[in-house]
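Q: What follows is a structure written as structure tokens; I'll ask about it next.
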Amino acid sequence: MSQYPDAQFMLSANSPGQFVPDDGREVAVAGRSNAGKSSAINVIVNRRQFARTSKTPGRTQLINFFQLGVGQRLVDLPGYGFARVPEDVRQHWGELLEHYFETRESLCGLLLVADVRRGLTDFDRRMLGFAGQVGIPVHLLLTKADKLKRGQAASALLKVRKELGDAASTQLFSALDHQGEDEARSVLHRFLAR
């Protein structure tokens with residue numbers, strides 16, 4: 001049973017004028033295109049195909065708003081860094097994300113998704129910078145933890161925690177075997193309750 005039985009897709013936005021009204025509380029989810037962002041959302045919300053998954057990285061090309069409950073939203077940001085798109089589209093995404101972070105009063109947290117095998121990328125650091133500028137907490141999901149042996153995954157987690165310091169909390173996560181599901185969900189609850 002989903003923790004969010006009333007969760008539903010609201011709309012997709014390609015420009016700031018299309019954003020949902022800036023009230024209540026919302027948590028953004030960002031990550032590199034092939035890091036498993038949509039799968040992570042589906043596991044956390046416990047709804048299959050809530051956020052559409054695809055074998056082709058970079059399918060999330062708009063800002064997608066989902067209502068979780070009254071006055072509570074999850075916002076799926078465009079995947080970055082991998083998608084093969086024209087430079088002008090990539091630049092538009094960058095400007096759209098920058099505007100989103102700088103203007104959303106209801107934004108209360110960021111779930112950042114990164115492949116545990118790759119560690120943090122420059123794009124991830126840029127998202128951390130956006131969050132730092134507006135003073136919202138960040139929780140990093142190191143996804144695809146099932147792809148590494150336990151010791152390797154623990155070592156990767158330690159390395160990222162050392163790099164981030166107090167900039168974000170971090171955990172291992174696997175959409176395949178649901179590792180870290182409860183922890184991620186409790187962080188989402190905490191962000192929305194702030």
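The values are calculated or read from the model by the stated rules, or taken from the named source; none is laboratory data. Because the structure is a prediction, the values reported are computed rather than measured. Please note: Cβ atoms are built from the backbone with ideal geometry, for glycine as well, and neighbour counts cover all protein chains shown.
Q: Here's a check for you: in segment 165-194, which residue that is in contact (Cβ under 8 Å) with a residue 40 or more places away in the chain and more than 16 Å from residue 44 (Cβ to Cβ) is surrounded by the most Cβ atoms within 10 Å (Cβ to Cβ)?
A: In this case the residue turns out to be 168.
Q: When the residues of segment 72-119 are filtered to those that are modelled with pLDDT of 95 or more and among the small types (Gly, Ala, Ser), which remaining residue is surrounded by the most Cβ atoms within 10 Å (Cβ to Cβ)?
A: Among those that are modelled with pLDDT of 95 or more and among the small types (Gly, Ala, Ser), it is 114.
Q: Moving to a separate point now. Can you tell me how many residues in segment 19-50 are of a type in the set (A, V, I, L, M) and either without any contact (Cβ under 8 Å) to a residue 40 or more places away in the chain or in a loop (DSSP other than H, G, I, E, B) (or both)?
A: Of the residues in that region, 3 qualify.
Q: So which of 155, 174 is hydroxyl-bearing (Ser, Thr, Tyr) and part of a helix (DSSP H, G or I)?
A: Just one listed residue meets the conditions, 155.
Q: Next question, about the same structure. What are the residues in segment 102-141 that are assigned to a helix (DSSP H, G or I) and in contact (Cβ under 8 Å) with a residue 60 or more places away in the chain, if any?
A: 103, 123, 124, 127
Q: For segment 120-149, give me the residue count where each residue is surrounded by fewer than 18 Cβ atoms within 10 Å (Cβ to Cβ), of a type in the set (D, E, K, R) and at pLDDT 95 or above.
A: Of the residues in that region, 3 qualify.
Q: Can you tell me which condition residue 99 does not meet? The list is (1) farther than 23 Å from residue 191 by Cα; (2) part of a helix (DSSP H, G or I); (3) not β-branched (Val, Ile, Thr), and all the others hold.
A: Residue 99 satisfies every listed condition except (1).
Q: Please tell me if residue 72 is farther than 19 Å from residue 44 by Cβ, among the polar types (S, T, N, Q) and out of contact with any Ser or Thr (no Cβ under 7 Å at 6 or more places or on another chain).
A: Here the answer is no, as residue 72 does not meet what is asked.
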